[in-house]
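*Asks:* I am attaching a structure below and will ask some questions about it afterwards.
The values are calculated or read from the model by the stated rules, or taken from the named source; none is laboratory data. As the structure is a prediction and not an experimental result, all values here were calculated from the model. Using ideal geometry, Cβ is built from the backbone for each residue, glycine included, and neighbour counts are taken over all protein chains shown. These accessible areas exclude ligands, DNA and RNA; they are computed on the full protein's heavy atoms, side chains included. Shrake-Rupley method; radii C 1.70, N 1.55, O 1.52, S 1.80 Å.
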Amino acid sequence: LRRLAAVLLALGLAGCFRPMYGELNGEPAVVEQLARINVHVGDGRVGQGLRNELLYAFNGGGEAAGSGYKLTVSIQQSTEGVILQRSGEAGTTFYELRAKFTLSDTNTGRVLHGGSAVSRTSYDRTGQIFANQRAALDAENRAVKAVARSIRTRISGYFAIANQAPRAPQGPEARQGS
């Protein structure tokens, strides 16, 4: 009896789920919409890295497939040393990357979605200058990847919800209701 109830419950809920990246009822798939995003990020090594990660996340690394959306990202970076050694030197440094983004429609200029993403990574400092520089670059790269994943997930969620929103009928259906 319990198995039957579980099967019936599972069948009843099966229609409630929609794959985020799949196409349904002729609506554009989220992946198709992501591929139409032009990415604009500030200059610098971290800005270029974030732009590259977002392009890769949206469409495999190429430029946007046609126009449609513009993603503008502004970044802010900070570091903070934490004293952990007896000598008074920072043994660990925290690197923080903050990104604010807006997604807008290129045809209308209307802002569709916006938000922010933050990543905080750490790296150990040693007495070797090159090792410290390399560790700082690795921390920046890890933060860039985390922020890009967060932005992609948020924009994918926006498109998935926007695709489910009811739209006004167009064509002959719209004229019949008037």
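*Asks:* What residues of the stretch 113-140 lie in the reach of a label at Thr92, counting those whose backbone N is under 15 Å from a point 7 Å from the Cα along Cα→Cβ?
*Replies:* In the stretch 113-140, the label zone of Thr92 (backbone N under 15 Å from the point 7 Å along Cα→Cβ) covers 120-126, 139.
*Asks:* Sum up the charges of everything whose Cβ sits under 11 Å from the Cβ of His113, counting Lys and Arg as +1 and Asp and Glu as -1, but leave His113 out. Please report the intermediate quantities before stating the final value.
*Replies:* On the way: positive: Arg110, Arg154; negative: Asp105.
Residues near His113 contribute +1 overall.
*Asks:* For Phe101, what accessible area in Å² do you get when you roll a 1.4 Å probe over the heavy atoms of the protein chains, rounding to the nearest 10?
*Replies:* 10
*Asks:* When the Cα atoms of the stretch 117-162 are enclosed in a convex hull and the volume is divided per residue, what value in Å³ results?
*Replies:* 42
*Asks:* Continuing with the same structure: Kindly sort Glu80, Glu53 by accessible area of their heavy atoms, largest first, with the probe set to 1.4 Å.
*Replies:* Glu80, Glu53
*Asks:* Extent of the stretch 92-149 along each principal axis, from alpha carbon coordinates, in Å, largest to smallest?
*Replies:* 54, 15, 14
*Asks:* A follow-up question, please. If you place +1 on the Cβ of every Lys and Arg and -1 on the Cβ of every Asp and Glu, how big does the dipole about the Cα centre of the stretch 47-164 come out, in debye to the nearest 20?
*Replies:* Using Cβ point charges on Lys, Arg, Asp and Glu, the stretch 47-164 gives about 200 debye.
*Asks:* Would you calculate the separation in nanometres between label points at Asn141 and Gln164, each defined as 7 Å from the Cα along the Cα-to-beta-carbon direction?
*Replies:* 3.8
*Asks:* Something else: So if each residue of separation counts as 0.36 nm, and I subtract the Cα-Cα distance between Val111 and Gln77, what length gain in nm does that give?
*Replies:* In short, 9.8 nm is gained.
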